[in-house]
Structures are given as C-alpha cells and as structure tokens.
Amino acid sequence: MKMIKEYLLSVCVVYTILALTKVLIEGIGGKTDPYYIMNFGILFVITCYAAFILFMHRIFHKVPLLFVMIGQYVLVIGGVMAGIFIMSKFMEVSPSAYRDMFIQITLPYIVFAGIYYIAYFREIKKANEIIKAIKEIS
C-alpha cells in the first residue's frame, strides 16, 4: 500500500511540474499548440509509465544499480518511441516527433531519476545508520 501511495504521489508531482513547465514555456514563447488537450493526455500517460518503470528498481535489488538505471531508461524511451510509432498508424505525427520526444523524455528523466535515486540512497544510508546503532546497543 505504501508503494502505491508513493507511486501516485510521484505521478502527481512530476505531472504537475511538467504540465506547468509546458504552460510557462508556451506562454513565454507565445506559441499555441493545436493539439493542446491531446498533448496533456499523452504527457500524463508517459508520466505514469515512466514512474512505474522507475519504481520497478526494487524488484531488481540483486542487479547492479547502474544496469537497472540504464535498463529503465531504455524501457522508457523504447516504450515512448513504440507509442509514437503506433500513434503514427492512426494519426499524423510531426516529422520530428521521434527526435522531439527523445529530447523531451531524456532531459526530465535524467533530472527526476536523479532526484529519485538521491532520495533513495539517502533512505538507504539512514536505514544503515539505524541498523548500525541497533547493533552497537545490542
């Protein structure tokens, strides 16, 4: 239950930050997006997918973390690229859609994954200190 709450909280926070960033950039640049509503829907789906992939690291605790992180990124970017490919079969997509999504996924993913793993390592360090204190008391 705790993991589900953490997941939902992460999705909400990340989606809000990305949506506000999108609105601010478009407002400052004076650019209007003809696919505004659809883009927010896609942004939400990608945020849910990326957060789910990021939370899966707990399953692979015996695999070196660097491999897990690279694998997670490959899964996220691969899933997004596959989604664009599927969408292109039903609607017109921009000729630069793959490049644009690569950039728009990679930069936020690096930032948010970095924040996530820094918090995760701090949690581990705190738990190790508690274990060490308990062993010293015993």
Computed over the chain: longest principal axis from alpha-carbon atoms vs helix 97-137 long axis, angle to nearest 10 degrees, is 10
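For the stretch 55-138, what % of the accessible area comes from carbon and sulfur atoms, probe 1.4 Å?
Roughly 73 percent of what the probe reaches on the stretch 55-138 is carbon or sulfur.
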Too long for a 28 Å Cα-Cα cut-off, among K2/K22; K62/K126; K2/K125, are K2/K22
Relative to the chain, whose Cα atoms define the longest principal axis, helix 65-90 and its Cα axis are tilted in degrees, nearest 10, by 20
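Scan the chain and hand back the longest stretch that contains none of the trypsin sites (Lys or Arg not before Pro) lying in DSSP loops with at most 10 other Cβ atoms within 10 Å.
The reported range is 63-138.
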Row for the stretch 1-47, column shape: gyration tensor on C-alpha, a ≥ b ≥ c, rounded if a/c < 1.5 i.e. under 1.5, prolate if a/b over b/c, else oblate; value oblate
Computed about the Cα centre, the charge dipole of the chain from +1 Lys/Arg and -1 Asp/Glu charges at the Cβ has a magnitude in debye, to the nearest 20, of 500
Nearest 10, in degrees from 0 to 90: the angle of helix 36-55 to the longest Cα principal axis of the chain is 20
Dividing the helical contributions, -39500 (n - 2.57) per DSSP H run of n ≥ 4, by the residues of the chain yields a 222 nm value, nearest 500 deg cm²/dmol, of -30000 deg cm²/dmol
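Give me the one-decimal Kirkwood hydrodynamic radius in Å for the chain, with the sum taken over alpha-carbon pairs. All intermediate terms of the calculation are to be shown ahead of the outcome.
Working: mean 1/r = 0.0583 Å⁻¹.
After inverting the pairwise mean of 1/r, the radius is 17.1 Å.
Could you do me a favour and compute the accessible area per residue for the chain, 1.4 Å probe, result in Å²?
Per residue, the chain has an accessible area of 73 Å².
The values are calculated or read from the model by the stated rules, or taken from the named source; none is laboratory data. This is a predicted model, so every value here is computed, not measured. Backbone-built Cβ (ideal geometry, glycine too); neighbour counts: all protein chains shown. To get the accessible areas, we keep the full protein, side chains included, count just its heavy atoms, and leave off ligands, DNA and RNA. Shrake-Rupley method; radii C 1.70, N 1.55, O 1.52, S 1.80 Å.
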